[in-house]
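Asks: Provided herewith is a single structure, encoded as structure tokens, for subsequent inquiry.
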Amino acid sequence: MIEECLTVEFRVRNDDCPLAEATESTGVQIDARPPQRRSDGYDLLQFSAPTSDRLTRLLDDDDRISHLHVSRTDGRSRYRCLSKHPCVIRRLIDGGLIVETLQYRDGAATIFGAVVGRDVLKGVMEAAGETVGVRLERVSPLEAETTESPARRWELTPAQEECLRAALEAGYFRIPREASSEDVAAALGISKSAFLERLRRAEATLFEQMFS
């Protein structure tokens, strides 16, 4: 039985991570998922950021990154690529860190996550201690229940989250349908076409993450 689970926050500076360097050069904040290690040694990186042609060019020109794919929705770009560069976060994950959120900004990374027990925290700290620029900012017992914004979890834009919430609350998804697209659009103060476009984009984003 697990006796204790702790939430932790790490701050990483001076790591030559491609994403961190890109934020320092462009001033754009990147919201990323934890890297996924592949059998060929590459890490699959999935992240999003406000649409920036400069950021896309920097990443596309970076020799450490390959197979860069970009899709744009409502002012944000979603990226997927492969990287063989060993970033610091990989060492922390290997040490036992469960990453919840990962943000890059101004050349640094902020990592929020959890560890299962003090012994695992000790292992993560040992991994961090061997790495220049890693600092434990906060540690606390995990609350019984935590909440996370659906927009953050599923990489939806605020407008898309608002659209889905309004449709759900109005009964748009019920069978039989209790509200029309015109009804939901009117409640949001937008046109029917704008509502349907946001709805389709939100559904596409959700389904892509569920089935990819």
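Asks: Collect the residues in the range 104-127 that are of a type in the set (A, V, I, L, M, F, W, C) and touching a helix residue (DSSP H, G or I) at 6+ places or on another chain (Cβ under 6 Å), keeping them in residue-number order.
Replies: Here is the first cut: in the range 104-127, the residues of a type in the set (A, V, I, L, M, F, W, C) are 108-109, 111-112, 114-116, 120-121, 124-125, 127.
Ala109, Val115, Val124, Ala127, listed by residue number.
Asks: For the range 160-168, does any single residue satisfy the condition of being open to solvent by less than 50 Å² (accessible area, probe 1.4 Å), in a helix (DSSP H, G or I) and at pLDDT below 90?
Replies: For the range 160-168, residues open to solvent by less than 50 Å² (accessible area, probe 1.4 Å), in a helix (DSSP H, G or I) and at pLDDT below 90: present.
Asks: Another question about this same structure. Could you name every one of the strands (runs of 3 or more DSSP E) located completely within the range 4-74 that has at least 2 residues being open to solvent by less than 70 Å² (accessible area, probe 1.4 Å), at pLDDT below 95 and charged (D, E, K, R)?
Replies: Values: elements: 5-12, 30-32, 43-50, 65-73.
Hits in the range 4-74: 5-12.
Asks: So which pairs qualify, if the first residue must be in the range 185-212 and in contact (Cβ under 8 Å) with a residue 60 or more places away in the chain and closer than 11 Å to Gln160 by Cα, the second must be of a type in the set (Asp, Glu) and not in a helix (DSSP H, G or I), the Cβ gap must be under 8 Å, and the two must be at least 6 apart or on different chains?
Replies: From the range 185-212, the pairs are Arg198/Asp74; Arg201/Asp74; Thr205/Glu155.
Asks: Under 9 Å by Cβ, and 6 or more places apart or on different chains, what pairs join a residue from the range 126-139 that is at pLDDT 85 or above and surrounded by 11 or more Cβ atoms within 10 Å (Cβ to Cβ) with one that is in a loop (DSSP other than H, G, I, E, B) and of a type outside the set (Lys, Arg)?
Replies: Pairs found: Val134/Asp15.
Asks: To continue, here is another question. Within the range 98-121, how many residues are more than 20 Å from Leu19 (Cα to Cα), out of contact with any strand residue (DSSP E or B) (no Cβ under 7 Å at 6 or more places or on another chain) and open to solvent by 20 Å² or more (accessible area, probe 1.4 Å)?
Replies: So the answer is 3.
Asks: Which residues, counting only those in the range 197-206, are open to solvent by 40 Å² or more (accessible area, probe 1.4 Å) and over 14 Å from Ser71 (Cα atoms)?
Replies: Listed by number, the residues that qualify are Glu197, Arg198, Arg200, Glu203.
Asks: Show the residue pairs that are 6+ apart or on different chains and have beta-carbon atoms under 7 Å apart, the first residue being within the range 83-108 and closer than 22 Å to Leu59 by Cβ, the second being open to solvent by 100 Å² or more (accessible area, probe 1.4 Å) and part of a helix (DSSP H, G or I).
Replies: The qualifying pairs are Asp106/Glu24; Gly107/Glu24.
The values are calculated or read from the model by the stated rules, or taken from the named source; none is laboratory data. The model shown is predicted, which means the values in this text are computed figures rather than measured ones. Cβ atoms come from the backbone with ideal geometry, glycine included; neighbour counts cover every protein chain shown. The accessibility values were calculated without ligands, DNA or RNA, using every heavy atom of the protein model including side chains. Shrake-Rupley method; radii C 1.70, N 1.55, O 1.52, S 1.80 Å.
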